[in-house]
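The structure appears right after this line, and notes come after that.
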């Protein structure tokens, strides 16, 4: 199983001289099973444009393009590259697009496909040549055939968001981004006018249970991409509830779950290459001699063989 990163940024693409080393494209991940000639895509951020170009030169000459795209959630930075994914314009292409069911009336097909309307784009979804099937997802475990399993887990984000665990031949790759720690939403200070002892206790219990479920979800993963948009100080200052985690939380979570390699992912668009390099050195030094986990900053174009 080979994992390649085509986009590692969060919120919005940020090309420029300060983001050359780590890249400015938003989330897109390619997982290849080379002995099967199969591949899976996670997220359709702006990085999927370049992946589509690769598929056109590498895969199309071998036959029609058939693949699966798993969307973590439908915030724009994770679907904005879909109209620029060239295979959707090629006759014979068959795509199944999976993603979480939302609370809205519209389905996944409308949410993603509405980008392809004259209001936003010169080509309509109905004009695409590809055969596209949209499959809503909840928490589940799916046999994708050929020994490939995909397991999903709800994360903590302002909209329904899924983490994905891909398993093949005893190796596992996990995503846990666009998430933050579950926390008690009830007042815990007895002097607070809204304090309720039972509610406070139940809130603490519920938050712990959900955080434990996420930990079990990526337990023992060979590679984990974890949200680390903020430092702990930034998170506590004014980012609570935004749906993103800190570097420190990612490290602690991965260490607790016996993850083998952790990649910091979903970089803040304001984070420069210089800042990311500095943060990488800082956190690598912090775990040296204290944990067996390998940590690194996700870079656009990186490839890992599991």
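Would you confirm whether any residue within the range 251-267 is farther than 29 Å from residue 17 by Cβ, at pLDDT 95 or above and part of a strand (DSSP E or B)?
Yes, some residue in the range 251-267 is farther than 29 Å from residue 17 by Cβ, at pLDDT 95 or above and part of a strand (DSSP E or B).
If you scan the range 44-82, which residues turn out to be assigned to a helix (DSSP H, G or I), surrounded by 21 or more Cβ atoms within 10 Å (Cβ to Cβ) and touching a residue at least 40 places away in the same chain (Cβ under 8 Å)?
Across the range 44-82, the qualifying residues are 48, 51, 77, 78.
Which residues, counting only those in the range 27-43, are under 17 Å from residue 59 (Cα atoms) and either in contact (Cβ under 8 Å) with a residue 40 or more places away in the chain or in contact with a helix residue (DSSP H, G or I) (Cβ under 9 Å, 6 or more places away or on another chain) (or both)?
Within the range 27-43, 29, 30, 31, 33, 36, 37, 38, 39, 40, 41 qualify.
Quick one: how many residues across the range 219-250 are touching a helix residue (DSSP H, G or I) at 6+ places or on another chain (Cβ under 8 Å), surrounded by fewer than 21 Cβ atoms within 10 Å (Cβ to Cβ) and part of a loop (DSSP other than H, G, I, E, B)?
Number of matching residues: 1.
Output the residue which, of all residues in the range 155-195 that are part of a strand (DSSP E or B) and either modelled with pLDDT under 95 or over 12 Å from the mean Cα position of the chain (by Cα) (or both), is surrounded by the most Cβ atoms within 10 Å (Cβ to Cβ).
166
Spot the failing condition for residue 305; the list is (1) within 24 Å of residue 170 (Cβ to Cβ); (2) surrounded by 14 or more Cβ atoms within 10 Å (Cβ to Cβ), and only one is missed.
For residue 305, the exception is condition (2).
Would you confirm, using the coordinates I've provided, whether residue 23 is buried (at least 21 other Cβ atoms within 10 Å of the Cβ), in a loop (DSSP other than H, G, I, E, B) and touching a residue at least 40 places away in the same chain (Cβ under 8 Å)?
So residue 23 fits the description; yes.
Which ones in the range 270-290 are surrounded by fewer than 17 Cβ atoms within 10 Å (Cβ to Cβ) and part of a loop (DSSP other than H, G, I, E, B)?
270, 288, 289, 290
Condition test on residue 12, is it assigned to a loop (DSSP other than H, G, I, E, B) and surrounded by fewer than 23 Cβ atoms within 10 Å (Cβ to Cβ)?
Details: assigned to a loop (DSSP other than H, G, I, E, B): yes; surrounded by fewer than 23 Cβ atoms within 10 Å (Cβ to Cβ): yes.
Answer is yes for this residue.
Going by the structure shown, is residue 109 out of contact with any helix residue (DSSP H, G or I) (no Cβ under 9 Å at 6 or more places or on another chain), over 30 Å from residue 270 (Cβ atoms) and not in a strand (DSSP E or B)?
no
Using the structure shown, decide if residue 17 is surrounded by fewer than 20 Cβ atoms within 10 Å (Cβ to Cβ) and either in contact (Cβ under 8 Å) with a residue 60 or more places away in the chain or under 19 Å from residue 162 (Cβ atoms) (or both).
no
Please tell me if residue 203 is in a loop (DSSP other than H, G, I, E, B), modelled with pLDDT under 95 and farther than 30 Å from residue 30 by Cβ.
So residue 203 fails the test.
Restricting the search to the range 260-290, which residues are over 16 Å from residue 7 (Cβ atoms), in contact (Cβ under 8 Å) with a residue 40 or more places away in the chain and in contact with a helix residue (DSSP H, G or I) (Cβ under 8 Å, 6 or more places away or on another chain)?
The one that is over 16 Å from residue 7 (Cβ atoms), in contact (Cβ under 8 Å) with a residue 40 or more places away in the chain and in contact with a helix residue (DSSP H, G or I) (Cβ under 8 Å, 6 or more places away or on another chain): 279.
The values are calculated or read from the model by the stated rules, or taken from the named source; none is laboratory data. Just so you know, these numbers come straight off a predicted model, no measurement behind them. Note that each Cβ is placed from the backbone with ideal geometry, even for glycine, and that neighbours are counted across all protein chains shown.
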